[in-house]
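The values are calculated or read from the model by the stated rules, or taken from the named source; none is laboratory data. Keep in mind that this is a model prediction, so the values were computed, not measured. Glycine gets a Cβ as well: all are built from the backbone with ideal geometry, and neighbour counts include every protein chain shown.
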Amino acid sequence: MPQTRRQLLKTAIAGTAGILAGPGLRLAAAQQSAPGALGNEKLADDLYVVRVPGEAAVIAQTSANGVLLVDGGSAAGSDAVLKAVAALPNGAGKINTLFNTHWHPEQTGSNEKLGAAGITIIAHENTRLWLTENITWPWNGQKFKKLPKIAQPNKTFYDKGSLDNGVQYGYISDAAHTDGDLYVYFPQPNVLAVGNAAYGQGWPVVDWWTGGWIGGIVGGLQRIKHFANKDTRIVPAVGPVLSYADITEQIDMYGTIYDSLNRMLNKGHSPSEGVAAKPAKEYEAKMGNADEFIRRSFESLWAYLSPDA
């Protein structure tokens, strides 16, 4: 649960404040607001990826009976997201379900508006718990205010579930991005929405303060691959739709980086030494500078593997 995770993480950084106080980026703004090519993408007659400038991807399943959303954009972008959804075929019907793939504000910005309208907001229980607290990232001081009760998920789960229309959802328990990541699977078009448990563009945000870690990135991708098949289209919150082959390639890449950082940790190296070693150098031409990702990944190893460091 989040309180237990927080205690673990506080222990992990107890003696390392000097290292963690180094320069940091506003990761949510810098990396999650770059969803790739803009414009709605049709995945099936009733399923779309809605892309609004500056917003993470939103998946919309439309029907005469109502609209299902996976994530709702940021609070600032909520009006534009909901307007884009309403413009879809059958999208003007009442939204009846919203999934939060995790607690970050890029995903939960429509919660208050839709919660006040009485719709069902589904999330993992850990996500709900994080949304009841004020959160401050220790690496850059960025603050996130808790959501009012009306905006908090009103239907939570621990393992998995399904809806009457056949949509399936479940917990990505590896803690790839946070400790509340979920997937939503649309069986008939064979589409798997995974939030930020996979990235289609750039390096992931490693939010170890709320449970994410580099080992969880690898484990989460392996879990996604297990859920999928070779024809599954995998929709991340950032970047283009991914294929089964893309996920396989990412498992190899992040697995290599994880192994390198784990060896350095076991030899007593610091996050700064991890950054200096450039363990992701061979991937930077495609992925961009990895320094921030490597620093957060190394810190996440401290939290998970050596909490008494």
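In the range 63-100, which residue that is touching a helix residue (DSSP H, G or I) at 6+ places or on another chain (Cβ under 8 Å) and among the small types (Gly, Ala, Ser) is nearest to residue 121 (Cα to Cα)? Going through the qualifying residues, I end up with 72.
All told, residue 174 meets the bar of being among the acidic types (Asp, Glu), assigned to a loop (DSSP other than H, G, I, E, B) and under 17 Å from the mean Cα position of the chain (by Cα).
Scan the range 73-102 and report the pairs whose first residue is within 14 Å of residue 54 (Cα to Cα) and of a type in the set (S, T, N, Q) and whose second residue is part of a loop (DSSP other than H, G, I, E, B) and modelled with pLDDT of 95 or more, with Cβ atoms within less than 6 Å and a gap of 6+ or a chain change. Taking only residues 6 or more apart or on different chains, the pairs are 74/109; 78/109; 78/110. Checking each residue in the range 77-115 for being assigned to a loop (DSSP other than H, G, I, E, B), over 23 Å from residue 137 (Cα atoms) and either modelled with pLDDT of 95 or more or of a type in the set (A, V, I, L, M) (or both) picks out 87, 88, 92.
Does residue 200 fit the bill of being in a loop (DSSP other than H, G, I, E, B), over 30 Å from residue 59 (Cβ atoms) and not aromatic (Phe, Trp, Tyr)? No.
Of everything listed in (1) surrounded by fewer than 24 Cβ atoms within 10 Å (Cβ to Cβ); (2) assigned to a loop (DSSP other than H, G, I, E, B), the single unmet condition for residue 180 is (1). Screening the range 234-275 for residues that are within 22 Å of the chain's Cα centre (by Cα) and of a type in the set (D, E, K, R) and picking the one that is surrounded by the fewest Cβ atoms within 10 Å (Cβ to Cβ) gives 252. Pairs linking a residue in the range 157-176 that is within 16 Å of residue 121 (Cα to Cα) and of a type outside the set (D, E, K, R) to a residue that is at pLDDT 95 or above and assigned to a loop (DSSP other than H, G, I, E, B), with Cβ atoms under 9 Å and 6 or more positions apart or on different chains, are 167/187; 168/187; 169/163; 170/159; 171/158; 171/159; 171/180; 171/181.
Looking only at the range 214-246, which residues are farther than 21 Å from residue 188 by Cα and in contact with a Leu (Cβ under 7 Å, 6 or more places away or on another chain)? The one that is farther than 21 Å from residue 188 by Cα and in contact with a Leu (Cβ under 7 Å, 6 or more places away or on another chain): 214.
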